[in-house]
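As structure tokens, the structure follows; a few thoughts come after it.
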Amino acid sequence: MKRHTQFTVQGKPFFSIGGQLHNSTGYALGAAGGEKYEQDVRTAFAALKAIGANTAAVPVCWDAFEPEEGKFDGDYVRRIIDRVREHGMHAVLLWFGTWKNGQMEYTPAWVKADRKRFPRAVCKDGTETAALSPFYEENQQQDQRAFCRLMEILREYDGQTGTVIAVQVENEPGMYAASVRDFSEKGTQAFLGQVPEAVIRTAEECSAAARTGREDGVLDWMDETHAVSGWLRRAWEENGRKRSGSWQEVFGSFGAELCMAWGTARYIDRIAEAGKQIYDIFMYVNVWLDGNGEKGWSLAGLDYPSGGAVSKVLPLWLRAAEHLDAIAPDTYEGDPESVRRTQALYDQEGRAFYVPESGMNSVNASMAVEAAGRHSAVGYHVFGIESGLDEDGNLKKQAEAVRHSFVMLQNAQELLQRYEGSGNVRTLVQHVGQDSCRLSFGDLVCRVSFAGAGPDYAGWVAMDCRHGKDLSGVNRVPASLEEEMARGLLFRAGEREFYLVGHRVRLYWQRLREDGSIPANQLNLQHQAYNMELPVIEEGHFENGTFVVDRKRSGDEARHGIWAQYDCGVVHFVLGE
């Protein structure tokens with residue numbers, strides 16, 4: 001079964017710009033009635049439209065779908081799809097089954113009540129946790145039966161329409177309890193049993209890759225501990241490179257978490273495999289992150305659910321969950337460098353890169369652009385979309401930056417697909433305190449200004465009547481991560497032809513001189529805009545793959561660099577000789 005590499009709608013690529021609804025709003029969208037629920041539905045879609053989303057990520061709750069064993073409420077799912085269709089959007093359905101944030105909150109009451117038939121994960125002192133054990137077949141089979149029924153309904157009700165573009169299999173799985181591993185009878189049997197040959201093979205491959213990387217200098221730029229294979233490789237090597245033995249014998253103290261990761265991943269992969277045999281749609285799992293193993297204690301069970309696809313155990317998940325199209329990180333951190341590292345780690349060859357949950361803040365607005373430009377993300381979603389509205393139903397100020405990025409990504413969809421993997425996409429993201437960056441294209445050099453003409457320039461900076469009403473802060477450099485950063489995407493279409501989508505960016509161009517001289521117009525910002533003609537500079541958008549011109553620029557509007565704001569659409573320009 002071939003993996004999906006992108007979201008599609010009726011066979012065509014689709015870039016998903018989305019908002020995930022609050023957990024319990026899934027009940028509201030699937031409800032048959034009730035004014036309170038209808039209020040929740042109205043709020044949800046108002047927020048989705050305000051943020052610029054084209055996709056609603058909606059929980060499908062196992063307890064609502066199968067309130068009595070074997071009795072499935074198909075209308076609950078169909079009502080969710082209908083409501084999304086009514087608003088002209090697409091949907092990602094989130095299966096809240098065995099796991100939701102490392103616990104079993106959305107399992108039906110009849111599952112929770114029968115602890116003998118559906119065993120819990122257990123702590124060392126015998127305490128039963130609020131999480132089902134991944135080592136008992138009845139737990140997995142019961143979830144799988146419900147999931148397969150969901151897939152049957154999707155195939156029958158939506159297979160020809162394609163409203164639903166993906167299904168998330170579980171939610172931030174693993175055991176979030178006071179234990180790294182499951183001490184239940186079968187959990188202990190798994191831990192003391194032989195490590196599967198596939199896991200040993202994965203450790204060997206990680207070790208070989210690291211040796212090759214060191215020899216080739218590939219890993220020189222990072223501490224090996226942070227490489228995606230580092231934790232598994234080091235544990236295996238430091239414990240004697242054994243080819244057999246229990247998890248503790250082969251991997252030492254790291255074996256407990258690896259055992260949980262393997263058990264959880266295999267549990268979920270079997271569910272995904274069965275579901276895909278019924279309806280082959282994009283499927284993924286999301287991840288409660290471990291801070292890339294760099295922060296706090298970074299201890300499984302304490303800081304994140306043990307068994308989830310965190311960075312430390314990602315190689316095992318990639319091996320075990322072969323039927324998942326993506327292993328997708330939920331990124332809420334306010335540290336841009338940590339988010340960049342996360343994006344790099346989860347951008348794995350052979351899997352689609354997708355961010356299903358993220359925060360409603362300025363840092364994340366920049367990271368959405370990086371995900372699309374640097375990692376060819378197939379989609380980007382923010383969580384808790386309803387919280388983006390104030391009491392009057394207007395978008396909160398803290399959500400404005402995300403909306404700006406979503407508008408830009410919507411405008412750039414055609415270009416992102418056209419130039420993916422070509423090397424002709426440059427991602428422009430400002431850092432705190434940064435006023436500009438430099439790009440080069442052969443003999444062309446571009447100064448990308450994030451602060452008007454420059455932070456020390458006091459002269460008039462032209463834009464247009466729509467954008468130039470208040471230029472009081474146009475030269476200001478952001479001093480904190482709470483402020484919105486300049487950002488954009490630059491696409492090279494030809495030797496001197498470009499497309500620009502951005503916000504608060506301004507491009508100045510020069511040609512390199514081989515004789516070592518500096519152009520005189522470099523000495524005066526009034527003259528710096530060009531030392532070449534601009535045959536074309538225009539704003540527009542794409543329709544069916546064709547660029548449509550909305551406005552042309554020249555004169556004052558083109559004299560101080562080629563600028564872009566989020567609502568300019570796509571800026572197309574050609575540089576002269």
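For the reader, a short list of remarks on this structure follows.
- Residue check, Gly373 touching a residue at least 60 places away in the same chain (Cβ under 8 Å), crowded, with 21+ Cβ neighbours inside 10 Å and in contact with a Gly (Cβ under 8 Å, 6 or more places away or on another chain): no
- Among the candidates Ala529, Ala486, the residue that is at pLDDT below 90 and open to solvent by less than 10 Å² (accessible area, probe 1.4 Å) is uniquely Ala529.
- Taking every residue in the stretch 59-78 that is in contact (Cβ under 8 Å) with a residue 12 or more places away in the chain and pairing it with any residue that is open to solvent by less than 10 Å² (accessible area, probe 1.4 Å) and polar (S, T, N, Q), at least 6 positions away or on another chain, the pairs with Cβ-Cβ distances below 6 Å are Trp62/Thr107.
- Among the residues of the stretch 73-83, not one is surrounded by 18 or more Cβ atoms within 10 Å (Cβ to Cβ) and in a loop (DSSP other than H, G, I, E, B).
- Elements of type strands (runs of 3 or more DSSP E) in the stretch 373-457, at least 3 residues being within 18 Å of Trp563 (Cβ to Cβ) and of a type outside the set (Phe, Trp, Tyr): 425-429, 436-441, 444-449
- Assessment of the stretch 247-260 against the conditions (out of contact with any Gly (no Cβ under 6 Å at 6 or more places or on another chain), surrounded by 20 or more Cβ atoms within 10 Å (Cβ to Cβ) and among the β-branched types (Val, Ile, Thr)) yields at least one matching residue.
- Residues of the stretch 6-29 that are open to solvent by 40 Å² or more (accessible area, probe 1.4 Å) and over 14 Å from the mean Cα position of the chain (by Cα): Thr8, Gln10, Gly11, Lys12, Pro13, His22, Ser24, Tyr27.
- Those helices (runs of 4 or more DSSP H) of the stretch 252-357 in which at least 2 residues are of a type in the set (Phe, Trp, Tyr), considering only elements entirely within it, cover 255-278.
- Put simply, of Ala91, Ala57, Ala53, Ala32 the only residue that is open to solvent by 60 Å² or more (accessible area, probe 1.4 Å), among the aliphatic types (A, V, I, L, M) and not in a helix (DSSP H, G or I) is Ala32.
- Scanning the stretch 194-207 for residues that are touching a Lys or Arg at 6+ places or on another chain (Cβ under 7 Å), open to solvent by 10 Å² or more (accessible area, probe 1.4 Å) and within 30 Å of Val122 (Cβ to Cβ) returns a single hit, Ala198.
- Test: residue in the stretch 540-560 that is at pLDDT 95 or above, closer than 20 Å to Val407 by Cβ and either in contact with a helix residue (DSSP H, G or I) (Cβ under 7 Å, 6 or more places away or on another chain) or part of a loop (DSSP other than H, G, I, E, B) (or both): yes
- Unique match (being open to solvent by 10 Å² or more (accessible area, probe 1.4 Å) and either in contact with a Phe, Trp or Tyr (Cβ under 8 Å, 6 or more places away or on another chain) or in a loop (DSSP other than H, G, I, E, B) (or both)) among Phe191, Phe147: Phe191
- When Arg155 is tested against (1) under 24 Å from the mean Cα position of the chain (by Cα); (2) open to solvent by 10 Å² or more (accessible area, probe 1.4 Å), exactly one condition is not met: (1).
- Of note, Thr107 satisfies the criterion of being modelled with pLDDT of 95 or more, over 24 Å from the mean Cα position of the chain (by Cα), open to solvent by less than 20 Å² (accessible area, probe 1.4 Å) and β-branched (Val, Ile, Thr).
- Single unsatisfied condition, Asn475 versus (1) modelled with pLDDT of 80 or more; (2) in contact with a Pro (Cβ under 7 Å, 6 or more places away or on another chain): (1)
- When the stretch 480-514 is filtered for residues that are farther than 15 Å from Ala564 by Cα, assigned to a loop (DSSP other than H, G, I, E, B) and basic (Lys, Arg), the ones remaining, listed by number, are Arg496, Arg513.
- Test for Asp82: is it over 27 Å from the mean Cα position of the chain (by Cα) and farther than 14 Å from Asp63 by Cβ: no
- Sole exception among (1) more than 24 Å from Lys2 (Cα to Cα); (2) surrounded by fewer than 24 Cβ atoms within 10 Å (Cβ to Cβ); (3) touching a residue at least 60 places away in the same chain (Cβ under 8 Å) for Gln398, by number: (3)
- Condition check for Phe498: touching a helix residue (DSSP H, G or I) at 6+ places or on another chain (Cβ under 7 Å) and under 15 Å from Val571 (Cα atoms): no
- The numbered conditions (1) outside any loop (DSSP other than H, G, I, E, B); (2) more than 28 Å from Leu21 (Cα to Cα); (3) open to solvent by 50 Å² or more (accessible area, probe 1.4 Å) are all true for Arg115 except (1).
The values are calculated or read from the model by the stated rules, or taken from the named source; none is laboratory data. It should be emphasised that the depicted structure is a prediction, and the values quoted were computed from it without experimental measurement. Note that we place each Cβ from the backbone using ideal geometry, even for glycine, and neighbour counts take in every protein chain shown. Remember, those area values only see protein heavy atoms, side chains included, never the ligands or the DNA or RNA. Shrake-Rupley method; radii C 1.70, N 1.55, O 1.52, S 1.80 Å.
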